[in-house]
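Chemist: Before I ask anything, here is the structure I am working with.
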Amino acid sequence: MAVEPVVRKTSEAPSLFGADDVEAAQRPSEVEKDHRHGHRDRLRSRFMSGGGQAVADYELMELVLFRAIPRKDVKPIAKRLLERFGDFAGAIAAEPERLREVDGVGEAVVVELKVIEAAALKLAQERVAEQPVISSSEALTAYCRAAMGRRGEEQFRVLFLDSKNKLIADEVLGDGTVDQAPVYPRKVMKRALELNAVALILVHNHPSGDPTPSRADVAVTKKLCEAADTFGVKVHDHVIVGADGVESLKGLGLM
């Protein structure tokens with residue numbers, strides 16, 4: 001009886017490449033690396049010669065991401081961030097936990113974005129501190145929008161001023177839900193007396209984006225003005241900040 005030869009079947013065909021060749025194939029090619037570095041160099045050069053106006057928002061975001069992700073194409077991540085949060089400012093101001101929900105965003109990216117946000121806020125704050133606050137409404141508006149214009153929750157803060165209307169301190173005295181931040185006149189006045197402040201500017205944000213004052217905004221302003229008047233402290237204004245703009249209760253004739 002003839003004996004048939006035993007044929008061993010394998011699930012994989014023998015590789016034509018050695019292990020080193022397979023590993024090399026999985027790594028980015030030199031061409032890909034050169035293209036990536038070339039893109040980064042060109043983008044940096046365009047930014048340095050033309051400033052922020054010379055690049056699109058997603059490209060500005062790419063420049064921020066270059067440091068956090070040095071060996072990867074960051075354009076898709078930059079575009080996802082802008083799509084998720086609406087624009088560059090919205091992405092920079094987003095809460096860390098929301099940023100981490102975006103595909104490709106790790107802790108290094110979150111840190112870079114929060115550093116950019118802190119730097120922008122610091123610059124705006126120092127511009128406000130350089131001169132009397134009530135005579136620099138443009139700087140004040142820029143600072144308020146940088147500080148809270150994109151926040152997802154309502155926040156109440158107070159700018160404490162000296163006798164020359166210069167900024168002594170800017171403090172958050174109330175955090176709330178998306179539509180309410182508790183404000184306690186006693187707490188505000190206690191802090192004003194501790195700082196020897198003679199005037200205040202009240203500021204809070206509307207997460208909806210619309211800065212139009214509500215009846216509750218007008219009512220709480222009245223209570224705070226009455227409390228301040230008792231201690232000889234002047235409330236100059238109550239500023240409401242939203243992504244769509246800024247409104248002044250004093251400018252609207254509501255205080």
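Chemist: Pick from segment 134-168 the residues that are of a type in the set (S, T, N, Q) and modelled with pLDDT of 75 or more: which of them is nearest to His204 (Cα to Cα)?
Modeler: Top of the filtered list is Gln155.
Chemist: A further question follows. Taking Leu202, is it under 30 Å from Gly86 (Cα atoms) and of a type in the set (A, V, I, L, M, F, W, C)?
Modeler: Yes, satisfied.
Chemist: Within the bounds of segment 174-193, is there any residue that is touching a Ser or Thr at 6+ places or on another chain (Cβ under 6 Å) and either without any contact (Cβ under 8 Å) to a residue 12 or more places away in the chain or of a type outside the set (Lys, Arg) (or both)?
Modeler: No: segment 174-193 contains no residue that is touching a Ser or Thr at 6+ places or on another chain (Cβ under 6 Å) and either without any contact (Cβ under 8 Å) to a residue 12 or more places away in the chain or of a type outside the set (Lys, Arg) (or both).
Chemist: Right, next: State whether one or more residues within segment 69-86 are surrounded by fewer than 17 Cβ atoms within 10 Å (Cβ to Cβ) and at positive phi.
Modeler: Yes; the residues of segment 69-86 include at least one that is surrounded by fewer than 17 Cβ atoms within 10 Å (Cβ to Cβ) and at positive phi.
Chemist: Within segment 224-255, take every residue that is buried (at least 17 other Cβ atoms within 10 Å of the Cβ) and farther than 19 Å from Gly149 by Cβ and give me the one that is modelled with the lowest pLDDT. If you could, list the steps in order and put the result at the bottom.
Modeler: First, the residues of segment 224-255 that are buried (at least 17 other Cβ atoms within 10 Å of the Cβ): 224-225, 227-228, 233, 235-243, 246-249, 255.
Checking which are farther than 19 Å from Gly149 by Cβ leaves us with 224-225, 227-228, 233, 235-236, 255.
Working: Leu224: 93, Cys225: 95, Ala227: 94, Ala228: 95, Val233: 96, Val235: 95, His236: 93, Met255: 86.
Step by step, filter segment 224-255, then rank; the result is Met255.
Chemist: How many of the residues in segment 90-122 are assigned to a helix (DSSP H, G or I) and touching a Gly at 6+ places or on another chain (Cβ under 8 Å)?
Modeler: Total meeting the criteria: 2.
Chemist: Is at least one residue of segment 24-33 within 20 Å of Ala91 (Cβ to Cβ) and either modelled with pLDDT under 90 or surrounded by 10 or more Cβ atoms within 10 Å (Cβ to Cβ) (or both)?
Modeler: Among the residues of segment 24-33, not one is within 20 Å of Ala91 (Cβ to Cβ) and either modelled with pLDDT under 90 or surrounded by 10 or more Cβ atoms within 10 Å (Cβ to Cβ) (or both), which makes the answer no.
Chemist: Anything in segment 179-223 that is on the phi < 0 side of the Ramachandran plot, of a type in the set (S, T, N, Q) and surrounded by fewer than 20 Cβ atoms within 10 Å (Cβ to Cβ)? List them, or say none. Lay out the reasoning, then the answer.
Modeler: Kept after step one, since they are on the phi < 0 side of the Ramachandran plot, are these residues of segment 179-223: 179-195, 197-208, 210-223.
In the following step, the residues that additionally are of a type in the set (S, T, N, Q) were identified as 180, 205, 208, 212, 214, 221.
Answer for segment 179-223, where residues must be on the phi < 0 side of the Ramachandran plot, of a type in the set (S, T, N, Q) and surrounded by fewer than 20 Cβ atoms within 10 Å (Cβ to Cβ): Gln180, Ser208, Thr212, Ser214.
Chemist: Being at pLDDT 90 or above, within 14 Å of Tyr58 (Cβ to Cβ) and more than 11 Å from the chain's Cα centre (by Cα) is the filter here, so list the residues in segment 82-133 that pass it.
Modeler: Hits for segment 82-133 are Leu82, Glu83, Arg84, Val102, Gly104.
Chemist: Of all strands (runs of 3 or more DSSP E) completely enclosed by segment 145-255, which ones contain at least 2 residues that are of a type in the set (Phe, Trp, Tyr)?
Modeler: 155-161
Chemist: Another one. With respect to the numbered conditions (1) of a type in the set (Val, Ile, Thr); (2) touching a strand residue (DSSP E or B) at 6+ places or on another chain (Cβ under 7 Å); (3) part of a loop (DSSP other than H, G, I, E, B), which one is the sole condition not fulfilled by Thr141?
Modeler: In the conditions (1) of a type in the set (Val, Ile, Thr); (2) touching a strand residue (DSSP E or B) at 6+ places or on another chain (Cβ under 7 Å); (3) part of a loop (DSSP other than H, G, I, E, B), Thr141 misses (3) alone.
Chemist: Does Lys234 meet the test of being among the basic types (Lys, Arg) and in contact with a Pro (Cβ under 9 Å, 6 or more places away or on another chain)?
Modeler: Taking the combined requirement at face value, the residue does not satisfy it.
The values are calculated or read from the model by the stated rules, or taken from the named source; none is laboratory data. For clarity, every value in this text was computed on a predicted model and none was experimentally measured. Note: ideal-geometry Cβ built from the backbone for every residue, glycine included; neighbour counts use all protein chains shown.
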